[in-house]
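**Student:** Below you'll find the structure I mean.
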Amino acid sequence: MPIPYGKQWVSDEDVASVAASLQDDWITMGPRVDQFESDIARLAGTRGAVAVTSGTAALHAAYAGIGVGHGDEVITTPLTFVATASTAVMRGASVTFADVEPDTGNIDPESVRALMSPKTRVVSAVDFAGHPAELDLLLPIAHDSGAVLLEDAAHSIGSDYREKPVGSIADVTTFSFFPTKNVTTGEGGAVVARDEGILERTRRFRSHGLVRDSALQRYPDEGAWHQEVHEFGLNYRLPDILCALGISQLRRIHEFKERRQTIFDRYVAGLQDVEGITLPAHRPYVSPMWHLFPIRVQDGRRREVFDRLRSQGIIVQVNYIPAYWHPVFEDLGYRRGMCPNAEEYYREEISLPMFASLTDSDQDVVIDAVRTAVGA
Ligand SMILES: *Cc1c(COP(=O)(O)O)cnc(C)c1O
């Protein structure tokens, strides 16, 4: 059986939760959405959350909620899934890439500081592999220029930064519930924000931009059926069926985190003496919920090691091709060489299998295969 790099862990309780939701009056826009949102808000240490259909939708809706548009600039990291940047471009913003710290792969605050301009509307950090970015340094850099700090926490729901949960620190935080992420709803995502106005605009964007509160309508006397669109939105609503899975998954998030930590520690114990690879960095003041186990293969041997592992049924992954290497950015004039640390990280990176239901014996197979492939 091939061993994937990431995978969901669905329990009998999860199945029962989804089955029960299917027999309710509401299979979308119902009470389970409210419950899932309040569960996320509690975990993230915020007052509210907006559940959406994916991590990509979360980013798109968050940029809309912040009011990002033409003439605005968004600074982000190239070491991310393309959606962190593409959703800002789709709002009409221009995207600038800051380089990353060479060890964590997270956006480098000093690189961000050097790129800040009066047009900068948002700084978007990513918690690579689940390890939070330097939020305490990024916040004042963003705020001093009147910009918003957005944290793409697709990897890091359940992580803490200086004793505070991810979600409670940045101005706006987005999550993904894709099956490989820390908790899943199949497809899904969420936005949390400290500012009620941003959260409300995000909520409205999720549902076509509809204004239902008559106190806010331009024509409030039209009739009880009346709703208005003031700004265009989309349908990014997460149905109750999937919220039922999310509610159930969140009950086990502490168990998931512990298991991921155990797997992380076993990898370190099994690989720390191997020459020619670098293991992931870990700042002492963060408590990551490890989403990935990124190793770095030195001496230009990444592809060879990757191919060997894949040929043995170990479905490793590479995270990530620098976002501006995508032809769509290349065609916009972005050139290779712009962020050397990110490019170096990419050239060496391999993500080993890391998921809560990975068995010790499968992990031992991976450890042995890595040792052999690298030649330890
Ligand atoms: C997965 C991911 C996304 C997109 O989430 P989807 O739910 O797949 O749309 C965005 N950013 C990062 C860093 C991700 O890992």
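The values are calculated or read from the model by the stated rules, or taken from the named source; none is laboratory data. These numbers come from a predicted model, not from an experiment. So basically every Cβ, Gly included, is an ideal-geometry build from the backbone, and we count neighbours across all protein chains shown. Just so you know, the surface numbers come from the protein's heavy atoms only, side chains and all, with ligands and any DNA or RNA stripped out. Shrake-Rupley method; radii C 1.70, N 1.55, O 1.52, S 1.80 Å.
**Student:** Can you compute the helix-only [θ] at 222 nm over the chain? Use -39500 (n - 2.57) per DSSP H run of at least 4 residues, normalise by all residues, nearest 500 deg cm²/dmol.
**Tutor:** -11500 deg cm²/dmol
**Student:** Which order do the peptides 211-219, 51-59, 339-347 come out in when sorted by mean C-beta neighbours inside 10 angstrom, highest first?
**Tutor:** 51-59, 339-347, 211-219
**Student:** Would you mind checking the tilt of helix 31-44 against the longest principal axis of the Cα atoms of the chain, expressed as 0 to 90 degrees and rounded to 10?
**Tutor:** Helix 31-44 sits at roughly 50 degrees to that axis.
**Student:** Cut-off under 20 Å on the C-alpha distance; same-chain residues fewer than 8 positions from K7 excluded. Which lysines are left, in chain and number order?
**Tutor:** Straight-line reach from K7, under 20 Å: K181, K257.
**Student:** OK, next. Pick from S145, S361, S111: which is most flexible by mean-square fluctuation in a GNM of the chain where alpha carbon atoms under 10 Å apart are linked?
**Tutor:** S361
**Student:** Would you kindly derive the ³J(HN,Hα) couplings of the stretch 261-277 from the backbone phi angles with the Karplus curve 6.51 cos²θ - 1.76 cosθ + 1.60 (θ = phi - 60°), listing them in order in whole Hz, with x for Gly and Pro?
**Tutor:** Rounded to whole hertz, the list is 5, 4, 5, 4, 5, 5, 5, 4, 4, x, 10, 5, 8, 7, 7, x, 10.
**Student:** May I ask you to order 240-246, 322-328 by the average number of other C-beta atoms within 10 Å around their residues, highest value first?
**Tutor:** Listed from highest to lowest mean packing, they are 240-246, 322-328.
**Student:** Within a Cβ distance under 12 Å of P4, other residues only, what is the Lys/Arg minus Asp/Glu net charge?
**Tutor:** The answer is +1.
**Student:** Can I ask one more? In a shell of Cβ-Cβ distance under 15 Å around D368, excluding D368 itself, what net charge do Lys and Arg (+1) and Asp and Glu (-1) give?
**Tutor:** Residues near D368 contribute -1 overall.
**Student:** Next question. When DSSP beta bridges are limited to those with both residues in the stretch 3-250, what percentage is antiparallel, rounded to the nearest 5?
**Tutor:** In the stretch 3-250, DSSP labels about 50 percent of beta bridges as antiparallel.
**Student:** Please check: in the Gaussian network model of the chain (C-alpha springs, under 10 Å), which one of F264, F175, F355 has the largest mean-square fluctuation.
**Tutor:** Greatest mean-square fluctuation among the candidates belongs to F264.
**Student:** While we're looking at this one, here's another question. Would you pull out the residues with amide H under 5 Å of E349's amide H, same chain only if 5 or more places away, H placed 1.01 Å from N?
**Tutor:** The answer is V297.
**Student:** Before I look further, what does the chain give for accessible area per residue, probe 1.4 Å, in whole square angstrom?
**Tutor:** That works out to 43 Å² for each residue.
**Student:** In the neighborhood of D108, defined by Cβ-to-Cβ distances under 10 Å, what is the net charge if each Lys or Arg adds +1 and each Asp or Glu adds -1? Write down the numbers at each step before the final one.
**Tutor:** On the way: positive: R113; negative: D99, E101, E110, E134.
Local net charge: -3.
**Student:** Enumerate by residue number the GluC sites (Glu not before Pro) in the stretch 202-258 meeting two conditions: DSSP loop (anything except H, G, I, E, B), and at most 13 other Cβ atoms within 10 Å of the site's Cβ.
**Tutor:** Those that pass, being in a loop and sparsely packed, are E222, E231.
**Student:** For the stretch 209-232 and the stretch 66-102, what is the centre-to-centre distance using only Cα atoms, to the nearest Å?
**Tutor:** Taking the Cα centre of each part, the stretch 209-232 and the stretch 66-102 sit 32 Å apart.
**Student:** Continuing with the same structure: 5 Å is the cut-off here: which amide hydrogens, built 1.01 Å from N in the peptide plane, fall below it relative to T96, excluding neighbours closer than 5 in sequence?
**Tutor:** Amide H neighbours of T96: V74, I75, T76.
**Student:** Roughly how many percent of the accessible protein surface of the chain is carbon and sulfur, given a 1.4 Å probe and a whole-percent answer?
**Tutor:** Whole-percent figure for carbon plus sulfur exposure: 52.
**Student:** Can you run phi through the Karplus equation (6.51, -1.76, 1.60; θ = phi - 60°) for the stretch 101-117 and list ³J(HN,Hα) in whole Hz, with x for Gly and Pro?
**Tutor:** My calculation for the stretch 101-117 gives 5, x, 8, 7, x, 8, 3, 8, x, 5, 5, 5, 4, 5, 9, 4, 9 Hz in order.
**Student:** Round to the nearest 10 and give me the degree value, 0 to 90, for the angle of helix 360-374's Cα axis relative to the longest principal axis of the chain.
**Tutor:** Helix 360-374 sits at roughly 60 degrees to that axis.
**Student:** For the chain, rounded, prolate or oblate, judged on the Cα gyration tensor with a ≥ b ≥ c (square roots of eigenvalues), a/c < 1.5 rounded, else prolate if a/b > b/c?
**Tutor:** Note, shape of the chain comes out oblate.
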